[in-house]
Structures are given as structure tokens and as C-alpha cells.
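Okay, structure first, notes after.
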Amino acid sequence: MLESAITYLQHADPMSVYLFLFLIAFFENVVPPIPGDVPVAFIGYLICKSKITFIGALCWASVGSTLGFMFVYMISRYFGMKLYAEGGGSVEHWLTKSVQRFFPPSDMELLRRKFAAHGYLAVLVNRFLFGSRAVISVMAGLMHLKIPLVLLAALISAVAWNLLLLYGGFVLGSNWQHIGGYLALYTIPVSVIFLLLLSFSVWKFFRERKS
């Protein structure tokens, strides 16, 4: 399927390419198995061979990524508010019971205050974190992080990541398929550092709550 899309993009008009960029970037966030990075890198390669502009590709890909992230975030935020709505009566759903067993409603406000800064940082670097983009949008919604700050952080992250993808595909030229190996140089160290920071914060939170 991906090879068919690449073949189509080689002969498509610029607006069709921009629309494809928007859709692949959007649905990559909504349906995580969809590969979004490789097609964006390929578009970077096409920039020097077609009428596609770097700015146009960057804008469409970044807007698609941001809206996809915010779509999942808003759904998660809505259900998170339902999950911890005050005066909501008895909760029958087994998932809700499980969540409230580990994170009682009385503790959620403390949890949000403790992890708010980490949450915005996670959104800011979400595009650089290996295999956890969809999880971060869901968690940001459950934590009820502020919409304007989440939108700004998600947009910055999307622009920075798509800039790397497009520029990498442009520079590598016909070797654009190797973009994954180069991106690992960015994603793996950032992911390890963030996971260590998050693990330490979670351990500290549970130790304080236990004491």
C-alpha cells in the first residue's frame, strides 16, 4: 500500500500531494499503525523534482499532525472528565473502576499538579519519543492539561519533526529511505531521557502518597 502511494505521489499535482500529507499526518495520530514519517520524508525528496514547495509541505504536514493529536486529546479529555465527574453516581464500567482503584478521584488533583509540567513537556517532545505519540495524546487528555498550551506544544513538536523529515528527505535525495536510521539518533536519546525522568517522578509520587 505504501509503495502504491509513493508511486502515485511521483506523478500527482501539488495540491493532491499537500492533501495526502495532511491526511497521512492526521490519521497517523488517530490510527497509530499508519506510517507517517516515511511518506513525509519522501515528499522532502520530491521537493527538488516537482512544484511542491518546502513551506507548503511543512505547513500541511504540521497542521495535519497537530489536528490529529488534538483530536485524540479532546476525546480523551472528554472521557476523562466523565470518568471523574463529581456527583456522577455509582460507576458500573469495569475500566472506570480499575482506573479509580489506582488513581482515586481524591488523588487526581494532586496528580495533575505534580505532573502538569511533565505533561506539557511530553506533548512538546511527543514527535521525538519512540512509539509513544498516541499514548501521550491520551494521557494529556486524561490529565486535563490546558487546551491552549497543549495546542501550542503539539504544533511546535509537529513543525520541528516535519522540518527534520522534509529536510532529511531533501538532503538524502534518492537515499531518502534511510531517513529512519538517522532519525533514531534523535528519537532514542530523547525517549530514554524522558522515560527516566517520568519513571523517577512516578516513583517519587507513589512513595509520597504511601507515606
All helices (runs of 4 or more DSSP H) inside the stretch 1-103 with 3 or more residues being modelled with pLDDT under 90 and of a type in the set (D, E, K, R): none
Among the residues of the stretch 125-155, which ones are modelled with pLDDT under 90, assigned to a helix (DSSP H, G or I) and β-branched (V, I, T)? V135, I136, V138
Which condition breaks for M70 when tested against (1) surrounded by 17 or more Cβ atoms within 10 Å (Cβ to Cβ); (2) over 21 Å from G169 (Cα atoms); (3) touching a Gly at 6+ places or on another chain (Cβ under 8 Å)? (3)
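The values are calculated or read from the model by the stated rules, or taken from the named source; none is laboratory data. Computed from a predicted structure; not experimentally measured. Using ideal geometry, Cβ is built from the backbone for each residue, glycine included, and neighbour counts are taken over all protein chains shown.
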